[in-house]
1. Anything in the chain that counts as a DSSP H helix reaching 24 Å or more along its axis (C-alpha) with Kyte-Doolittle mean of at least 0.0? List them, would you?
2. How big is the chain in terms of Cα radius of gyration and Dmax, in angstroms?
3. What accessible area per residue comes out for the range 320-474, rounded to a whole number of Å², with a 1.4 Å probe?
4. If you average the alpha carbon positions of the range 429-495 and of the range 275-319, how far apart do those two centres end up, in angstrom?
5. On the accessible surface of the chain, probed at 1.4 Å, how many percent belong to carbon and sulfur atoms?
6. Considering lysine pairs in the chain that are 8 or more places apart or on different chains, how many have Cα atoms under 21 Å apart?
7. Can you bin every Cα-Cα distance in the range 137-282 into 10 Å intervals starting at zero and give me the percent of pairs per bin, rounded to whole numbers?
8. Would you pull out the residues with amide H under 5 Å of Ile262's amide H, same chain only if 5 or more places away, H placed 1.01 Å from N?
Amino acid sequence: MRLSRSAAARAVAVVLAAIVAVVVIGPGRADAAGSQSSYLVLASDGSSTAQAAQRVTAAGGQIVAAYDQIGVLVVRSAKTSFAKTVSGHGVLAAVTTKGFGTVLADDGVLATVDAATVAAQTHAAGRATDEPLFGLQWNMTQIDVPAAQKVTRGKPSIVVGVLDSGISSTHPDLATQIAKDKSASCLGGVVDTRQSAWSPTASTHGTHVAGIIAAAINGVGVAGVAPGVKVASVKVVDDNGFIYPEAAICGFLWAADHGMQITNNSYFIDPWQFNCRNDPRQRPIWEAVQRALRYSARKGVLNIAAAGNDNYDLAHTLVDSISPDDGSGPVEDRVITNSCLELPAEAPGVVAVSALGIERRKAAYSSYGLGVIDVAAPGGDIHQPDPTAPNIANAVLSTIYDPGTGENGWGYEQGTSMATPHVAGVAALALSANPHLTPGALASLLQRTAEALPCPPGVYDPIPQVPAARATCDGGRGHNGFYGAGEVDALAMVS
C-alpha cells in the first residue's frame, strides 16, 4: 500500500493526540543575511583534508572541525558564494547544512510513574526481576532478558554510544552507568567534553533510551537489558530538536575513536528524511555520512538505527509531501524511489529496527520494508491488544528526566526509538559473552538468533478507525518486511 508521508503521519497522530500531550518544536535555524552558515566540505582524498583546508581559507571560510579520518571539514562562512568559491582541486563537494536537520522523533512521555509509589517499593536488588518496577516491564520478558542475565549482565568494558539528546547523570538508575570519560557533545560538529555540554537540556529522549539499554539493578526503578555495560552520552540533538549532519558525523567518529563497540541511533539525518543520492543538494551529505559509517565499521563499531514512526513501506515508492519540514524552504512533493534512503537506518552495514507491541505484532506507527528491516524489538503500542481502548501501560517504561525542573523519574514512551535500544542492549550482552565478535558477525548473530514472526494475512489493519495505519507485509516467516529476521532474543544471543 502506498501512502503519502503526510497522510500516514497525520492520521496516526490524530489517534495518539487524544492521550498524548503534544509538544511543538520550533523551526530550524535561519541565518540572517550576512550571518555565518555551516558547511560540510568533502576533500577529494577521503583520508586527508590538507588541500581542501587551503581552499577553505582562501575562500574566506573558518574551519571549526577537521575530520582527517574521512576527509571532511566542518566550516563556517558568512560569504553566500562560499560553496562555489571553495570548489576546485582537492575539494570533492561543499554544501551548506542550513536546513539539513530534522526534528527528533520524540513522542514525548505518555505517562509517569508516581514518585511516592517508586519510593515505597525501593529495596535491595538482586536480580532484574527484583527491581520494584520490573513487573511493568513487559518488554524485558518478551525478549527473554531475565534468562539472558543469568548468563551475563554485560561487562563494563562494553560501551554503547547513545547518539541522542543527552543522558541525565543524576538519575538514580543511570548515575553509575555512564562512561563520562567517553561522553561528549557533538553539536555544530565540534566536540565538547564538558558534562554540561553532553547532559540533556531540552529533551528526555536520550535518558529514556539509555535506561532501556543499561538501567542499573540497584533496588530502584527499572532494569535495563544490559545493566553491566556502560553507556556514553554523545549529544547530537540540539535544543530545538534538530540533528544536523555535522553533529551525526562527529558522533560516529567520536564513538569509533573512543572505544565504543555499539551505537544507538534513534533519529534521522536531513530534513527531507529521505536522502536522495541523485539530488545535488543531498549527495554531499550522503557521501559524508557514508564515509563516517564506513570508518566506524572499520574501527569495530556496530551501528543500530530506528526505522521510523511513519508507517512507511521503505522498500516501495512513496510520496514525500511534507519536506523540508524545518522551515528552510517551500514544501516539495517528491517521489521517493530506491535512490532515496533514510539515514542512518538504510545505510549499508547499519542494523535497521522496527517496533512491536505487547502482542508481538508490528506497532501501528512503525515503518517497515522487505530488505530494509533487519530485526524487530519491543517499541510499545498503546493500541495493542485493544485498539478501541488505548493502554499507556503497553508503551515502554524507562528512565526520564525533566530538563525544566531537573527532576528524574520513570515514564512511558513508545516508538522505534524505544525498539532500537533493546537491540543495542541485546547486542551488548552478546559482545560481553563473546568479545571477539566483529560488527558484521554481531549483526549476523542478531538475525540468526531472532525468533521468526510471520506476516499477518491480507492487509494489516491495527487500528480499524485509522485507514492510514494499514499496511501490507511482504515476505515469508523467515524474513519479511514487518519483522526482518524476527524479534530479537536475548537468551539466544548469549547461549
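The values are calculated or read from the model by the stated rules, or taken from the named source; none is laboratory data. Just so it is clear, the model here is predicted, and its values are computed rather than measured. Please note: Cβ atoms are built from the backbone with ideal geometry, for glycine as well, and neighbour counts cover all protein chains shown. Calculation scope for accessible area: heavy atoms of the full protein, side chains included, ligands and nucleic acids excluded. Shrake-Rupley method; radii C 1.70, N 1.55, O 1.52, S 1.80 Å.
1. For the chain, where a helix must reach 24 Å along its axis and average at least 0.0, the hits are 416-433.
2. When restricted to Cα atoms, the chain yields Rg and Dmax of 21.4, 67 Å.
3. Averaged over the residues of the range 320-474, the accessible area is 32 Å².
4. The distance from the Cα centre of the range 429-495 to that of the range 275-319 comes to 20 Å.
5. 54
6. 16
7. 12, 40, 30, 14, 3, 0
8. Here the answer is Val159, Gly161, Leu302, since their amide H atoms fall under 5 Å of that of Ile262.
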